[in-house]
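Below: the structure, in structure tokens.
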Amino acid sequence: MPTRDAVFPANRHALYDEHRYSAAIRSGDLLFVSGQVGSRDDGSPEPVFEDQVRRAFANLDAVLQAAGCTFADVVDVTTFHTDPEA
């Protein structure tokens, strides 16, 4: 079985420390990225929906970069949104 290594972006997101989970796990040639939310580095919510979406993808990009990957390496993305009209 391949070893599993935790991956964290350079400026570790406060949520990783607070909730004790890693941004991603590398196992062999695969990278499994945890859910990336549109919150700020300190874990506080981004109030504007459009900025939340941008920040979520920026957070994902930071995790990918920390693992030596880019969006070109991504195979699948699932997004969840709650009441974006509000």
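Gly68 versus (1) open to solvent by less than 90 Å² (accessible area, probe 1.4 Å); (2) on the phi < 0 side of the Ramachandran plot; (3) small (Gly, Ala, Ser): which is the lone unmet condition?
The single condition Gly68 does not satisfy is (2).
Residue-by-condition table, conditions (1) open to solvent by less than 70 Å² (accessible area, probe 1.4 Å); (2) outside any strand (DSSP E or B); (3) in contact with a Cys (Cβ under 8 Å, 6 or more places away or on another chain); (4) small (Gly, Ala, Ser):
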| position | (1), (2), (3), (4) |
| --- | --- |
| Tyr21 | no, yes, no, no |
| Val37 | no, yes, no, no |
| Glu50 | no, yes, no, no |
| Arg55 | no, yes, no, no |
| Ala58 | yes, yes, no, yes |
| Val63 | yes, yes, no, no |
| Phe80 | no, yes, no, no |
| Asp83 | no, yes, no, no |
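Restricting the search to the stretch 1-19, which residues are open to solvent by 40 Å² or more (accessible area, probe 1.4 Å) and touching a strand residue (DSSP E or B) at 6+ places or on another chain (Cβ under 9 Å)? Quick ask: steps written out before the conclusion?
The first filter runs over the stretch 1-19 and keeps only residues open to solvent by 40 Å² or more (accessible area, probe 1.4 Å), leaving 1-6, 8, 10-12, 17-19.
Hits for the stretch 1-19 are Met1, Pro2, Thr3, Arg4, Asp5, Ala6, Phe8.
The values are calculated or read from the model by the stated rules, or taken from the named source; none is laboratory data. Just so it is clear, the model here is predicted, and its values are computed rather than measured. Here the Cβ is made from the backbone with ideal geometry for all residues, glycine too, and neighbour counts use every protein chain on show. Calculation scope for accessible area: heavy atoms of the full protein, side chains included, ligands and nucleic acids excluded. Shrake-Rupley method; radii C 1.70, N 1.55, O 1.52, S 1.80 Å.
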